[in-house]
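To start, the structure itself, in structure tokens.
The values are calculated or read from the model by the stated rules, or taken from the named source; none is laboratory data. The model shown is predicted, which means the values in this text are computed figures rather than measured ones. With ideal geometry, Cβ positions are generated from the backbone for all residues, glycine too; neighbour counts draw on all protein chains shown. When the accessible area is computed, the model is the full protein with side chains, heavy atoms only, and any ligands, DNA or RNA have been set aside. Shrake-Rupley method; radii C 1.70, N 1.55, O 1.52, S 1.80 Å.
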Amino acid sequence: MAYESLEVMITAEQIKEKIRELAEEISIDYKEKNPLLIGVLKGAVVFLSDLIREIDMPLEVDFMAVSSYGADTASSGIVRIQKDLDQSIKGKDVLIVEDIVDTGLTLSYLFQNLNSRQPNSINVVALLDKPDRRKVKFEADYCGFKIPDRFVIGYGLDFNENYRNLKDICILNT
Ligand code: IMP
């Protein structure tokens, strides 16, 4: 089955280059810290797997899965943890790895939840940011690309669980 109506927004090459830059910054900031990178399933999986291979120092990886509560979650901001971490993060230097900051509701919830577990530090790296869609104030500490208010797919991001395998980040024209 061929893909139709896809418009490339960010090419695989541009993503690769940006990840190198982000990894360099992170490597400097976390020097000798052995950070724990927490990938938010499922969208951040591709980003996380490329990012960690560009970071040349000891680090740990864990995953969380979250979902919104019911149809109205976008406005309620209530997030349900579907898969929690395998370990305590007390005293650890945590870096949350997310695919995109949209309304900001997921990350502001996740940030508060993880922050209450007494890590030594906690930061967020997001590959994409749609600032125009924000409902709560939230800024990632490390951000790849700021993009306009368009629904994007590929490089881990899905539409109805499809398109995660695309190498580029694309706009789905329906
Ligand atoms: P937020 O809570 O509204 O910031 O959005 C969090 C989640 O919504 C992201 O982690 C994505 O999984 C999903 N999301 C937001 N915008 C897009 C998009 O343009 N394409 C695919 N998924 C998106």
## Note on the structure
Regression test value, accessible area per residue of segment 17-147, probe 1.4 Å, units Å², expected 50 Å²
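Among all stretches of the chain without exposed GluC sites (Glu not before Pro) (DSSP loop, at most 12 other Cβ atoms within 10 Å), which one is longest? It would help to have the intermediate numbers written out before the result.
Numbers: sites that count: Glu4, Glu32, Glu161.
So the longest stretch without any such site is 33-160.
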### Task
State the extension gain, in nm to one decimal, for the chain segment bounded by Ser67 and Asn120, taking 0.36 nm per residue of separation less the distance between their alpha-carbons.
16.5 nm
### Query
Counting trypsin sites (Lys or Arg not before Pro) as exposed when in a DSSP loop with at most 11 other beta carbons within 10 Å, what is the longest stretch of the chain free of them?
32-89
### Message
Below 13 Å, Cα to Cα, which aspartates and glutamates can Lys16 reach? Residues fewer than 8 away in the same chain don't count.
### Response
Glu24, Asp50, Glu54, Asp168
### Query
How big is the Kirkwood radius of segment 74-174, worked out from every pair of different alpha carbons and given in Å to one decimal?
14.8 Å
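Per the helix-only calculation at 222 nm, which mean residue ellipticity applies to the chain, given -39500 (n - 2.57) for every DSSP H run of n ≥ 4 and division by its residues, nearest 500 deg cm²/dmol? Don't jump to the answer; show the numbers that get you there.
Values: 4 runs with 43 residues, N = 174.
Roughly -7500 deg cm²/dmol at 222 nm, from the helical runs in the chain.
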### Task
With both partners inside the chain, how many of the DSSP beta bridges are antiparallel, as a percent to the nearest 5?
35 percent
### Task
Compute the distance in nm between two label points, each set 7 Å from the Cα along the Cα-to-Cβ direction, one at Met57 and one at Leu41.
2.9 nm
### Query
Per q in 0.08, 0.09, 0.13 1/Å, what log10 I(q)/I(0) does a Debye calculation on the alpha-carbon atoms of the chain return?
-0.24, -0.30, -0.64
### Query
For Lys83, which lysines qualify as cross-link partners when the Cα separation must be under 18 Å and same-chain residues fewer than eight apart are set aside?
Lys42
### Segment Asn113-Lys137, length gained on full extension (0.36 nm per residue, minus Cα span)
7.0 nm
### Query
Which values of log₁₀ I(q)/I(0), to two decimal places, follow from the Debye formula for segment 1-70 at q = 0.28 Å⁻¹ with a uniform point scatterer at every Cα?
-1.24
